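Presented below is the structure to which this report refers.
The values are calculated or read from the model by the stated rules, or taken from the named source; none is laboratory data. Not measured: the values here are computed from a predicted model. For neighbour counting, all protein chains shown are included, and Cβ atoms are generated from backbone atoms with ideal geometry for every residue, glycine included. Heads up: the accessible areas ignore ligands, DNA and RNA and are worked out on the full protein's heavy atoms, side chains in. Shrake-Rupley method; radii C 1.70, N 1.55, O 1.52, S 1.80 Å.
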Amino acid sequence: MVETPAAAPFYAQGNFAPVDLEVFQEHLRVEGSVPPELDGLYLRNGPNPLDHDFTRHWFVGDGMLHGVDLSGGAARWYRNRYVQTDRLADKRGGKVAPDAHRLGRSEANTNVIAHAGRILALVEDAVPTEVAPTLRTVGAYDFNGRLATPCTAHPVICPLTGELHFFGYSAREPVVTYHVADQAGELIRSVEIAVGAPTMMHGFAITARKAVFMDLPVVADDSLLTTGIPFRWADDYGARVGLIDRGALEDSVRWFEVDPCYVFHPLNAYEDHDGSTVVDVVRYDDFWRGGPGTKGIEPAYLHRWRIDADGQVSEERRDDRTIEFPRGDPRYIGLPYRFGYAIRTDETGSGIGSRTMITYDVVSGRSSEFSFEEGTILSEFVLVPASADAAEGEGWLVGYAYSSRNDTSALVIMDAERIEKGPVARVWLPQRVPQGFHGNWIPRQAIGA
Ligand SMILES: [Fe+2]
C-alpha cells in the first residue's frame, strides 16, 4: 500500500494511488469458474499520474489501461500499460509543454471502447488514441483527418445501426459539436450545437431516433485552471435537456428546462409508446460549487426525466441510494429497457466506489444488491450478454475489485441475474488495479485479436 499523509487528496490515498509498474502475466489464478462463453478482453482505463503529481484533480492523471484476456474458461493474461500519447512522451522526456494542448496531445484516461475494429482510449478534451489488443499505443486517431473537435469519453454505439454517436465540447467555439460515424467507422456527420456557455458536458444519450444533450450548470471558470479541470457550479445558468433528430444536418435541438443539477452519466434513454422520451440518469443535486475539490465527490442518485409529447417535463428520483457507474445491456441502448447496474458510492468517504453493487429493474422498481467483504472497493462493472440472442440482462457483470486484505485486485465475474449469490469467478491479478473510470468488454471477433 502506498503511504500517504491523511491530509493528501483522496486520489493520492489507498487504492486511488497510482501503480508504478507495467506488468504482463499469463495463466492467472481463478477462484470459481470463468464462463466459457466469455471470449475476449475486458479493458478499463483510469488516471495513473506518472510523476505522482497530485496537485491537479484526480480526473486529469495520465491514462493507464488494465486488461484481462478471457478464453475457453481460462484467464489467459493480465497486463497494464500507459496510453503512450505524445503528451506522456514529453513528460517522460522531461519536456514540460503546458502550452501544447492540442487535440492529439491527450491524457487518454477516461474510457476505452471498440468500434469498427479499432480500440480507442478516450478523454473528453482530445481526439481518441488508438491502441492495439496488446494495449500497445498506435497513436492519435482523428477519423482520417475528419474529426476537428475533441471526442467525448462516452460515445454511444447504437445497437440497431452499429453507428457511433458522440460529441466534442471545449471552452472555445464551437462549444459543442454532435458527430456520427457509421458502422464502418467513417465520420459521416458533424453538427454544431449552441449552448449557453462552455458547460462541462461529460456524457449524452441516444434513443432510436434522437440524441439527448444535457446543458447543465457546471461551466468553465479560468480562475480554476491550475486544478486541471477549470469548471464550477453556476447558480444562474439553469439546466436544460435537449433532443435532436439523429439525422439532423443543422442545430435543431429542442430544449426543455429541468431542475438544476449535474449529470456525468445517463443510464439509458428511449422513446415510450405514448410519444414521451424517457431519460434515466445518475443525478447530482449540485456539483463543484467551489470548483473541483480534493475531498471527494458529491452524492448522486438514479433519476428519471420524462419529456412528454407536449414538451412537459416530469422528474422523479427513483432510488435513495447514492450510486455511480450506471451501465446497461449494450443491446438495449436507446431502446425501452428493464435492467441497469451501478456501484454504491457512500461507503468510502470519497463518494467513489464501495463494496456494494446494485442491479435495478427500472420497470418494476425492484432492485438487488450484493456487498463484498469489508475492505473491498469495486470499480465499474459492465454487462456482457450470455449470447447474442439471450434475454435482456442474461449474462455476466465484469469489473475490477480491489481487496485491502491482500492489497491486490481481481477481475470479478457475477451472474447478472443473481448478483446476491456472489461472484461466479475471481481472476486474481498480479498487482492492484487503482480505482479508475470506465471500461468495456471487447469480444474477440470485434477486434480480430
Ligand atoms: Fe464518465
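Observations on the model:
- Residue list for segment 286-303, filter: open to solvent by less than 30 Å² (accessible area, probe 1.4 Å) and of a type in the set (Val, Ile, Thr): Ile297
- Boolean, Ser379 is under 20 Å from Arg304 (Cβ atoms) and either out of contact with any Cys (no Cβ under 9 Å at 6 or more places or on another chain) or surrounded by fewer than 17 Cβ atoms within 10 Å (Cβ to Cβ) (or both): no
- Odd one out for Thr227, checked against (1) open to solvent by 10 Å² or more (accessible area, probe 1.4 Å); (2) in contact with a His (Cβ under 7 Å, 6 or more places away or on another chain); (3) within 16 Å of the ligand (Cβ to nearest atom): (3)
- Taking the listed residues Ala239, Ala248, Ala234, the one that is away from the ligand (no atom under 16 Å from the Cβ), touching a Cys at 6+ places or on another chain (Cβ under 8 Å), open to solvent by less than 50 Å² (accessible area, probe 1.4 Å) and of a type in the set (Gly, Ala, Ser) is Ala239, with no other qualifying.
- With respect to the conditions (1) within 19 Å of Ile157 (Cβ to Cβ); (2) in a strand (DSSP E or B), Tyr360 falls short on a single one, namely (1).
- Subset tally (residues that are open to solvent by less than 10 Å² (accessible area, probe 1.4 Å) and within 16 Å of the ligand (Cβ to nearest atom)) for segment 131-151: 1
- Those residues of segment 24-45 which are over 13 Å from Ile413 (Cα atoms) and polar (S, T, N, Q), in sequence order: Gln25, Asn45
- Residues of segment 152-188 satisfying the condition of being under 19 Å from the mean Cα position of the chain (by Cα), away from the ligand (no atom under 16 Å from the Cβ) and open to solvent by 40 Å² or more (accessible area, probe 1.4 Å): Pro159
- Residue that is of a type in the set (A, V, I, L, M, F, W, C), under 23 Å from Asp235 (Cβ atoms) and more than 20 Å from the chain's Cα centre (by Cα), where the choices are Val282, Val313: Val313
- Any hit, segment 253-265, residues being open to solvent by less than 20 Å² (accessible area, probe 1.4 Å) and assigned to a loop (DSSP other than H, G, I, E, B): yes
- Filtered residues of segment 160-181 (kept if farther than 16 Å from Gly334 by Cβ and assigned to a loop (DSSP other than H, G, I, E, B)): Ser170, Ala171, Arg172, Glu173, Pro174, Val175
- Some residue of segment 194-201 being within 19 Å of the chain's Cα centre (by Cα), among the hydroxyl-bearing types (Ser, Thr, Tyr) and more than 19 Å from His115 (Cα to Cα): yes
- Of the numbered criteria (1) closer than 27 Å to Arg318 by Cβ; (2) surrounded by fewer than 22 Cβ atoms within 10 Å (Cβ to Cβ), the one Asp215 fails is (2).
- Out of Asn80, Asn111, one residue alone is within 16 Å of the ligand (Cβ to nearest atom) and open to solvent by less than 30 Å² (accessible area, probe 1.4 Å). It is Asn111.
- Where a residue in segment 65-84 is at positive phi and its partner, wherever it lies, is open to solvent by 30 Å² or more (accessible area, probe 1.4 Å), with Cβ under 7 Å and at least six apart: Gly72/Pro36; Gly73/Ser33; Gly73/Pro36
- Restricting Leu383, Leu378 to those that are part of a strand (DSSP E or B), without any contact (Cβ under 8 Å) to a residue 60 or more places away in the chain and within 24 Å of Lys295 (Cβ to Cβ) reduces the list to Leu378.
- Candidates Gly436, Gly393, Gly399 - the one that is in contact with a Leu (Cβ under 8 Å, 6 or more places away or on another chain) and either without any contact (Cβ under 8 Å) to a residue 40 or more places away in the chain or within 16 Å of the ligand (Cβ to nearest atom) (or both): Gly399
- Residues within segment 287-313 that are closer than 30 Å to Phe54 by Cα and free of Cβ contacts under 8 Å to residues at least 60 places away in the same chain, tallied: 8
- Restricting segment 266-288 to residues that are away from the ligand (no atom under 16 Å from the Cβ) and in a loop (DSSP other than H, G, I, E, B), the residue that is nearest to Ala220 (Cα to Cα): Asp286
- Just one of the listed residues (Ser379, Ser368, Ser364) is modelled with pLDDT of 95 or more, closer than 18 Å to Asp272 by Cβ and among the polar types (S, T, N, Q), and it is Ser364.
- The lone exception for Ala89 - which of (1) free of Cβ contacts under 8 Å to residues at least 12 places away in the same chain; (2) aliphatic (A, V, I, L, M); (3) in contact with a strand residue (DSSP E or B) (Cβ under 9 Å, 6 or more places away or on another chain) it fails: (3)
- Subset of segment 358-373 (residues that are open to solvent by 50 Å² or more (accessible area, probe 1.4 Å) and either in contact (Cβ under 8 Å) with a residue 60 or more places away in the chain or not polar (S, T, N, Q) (or both)): Val363, Gly365, Arg366, Glu369, Glu373
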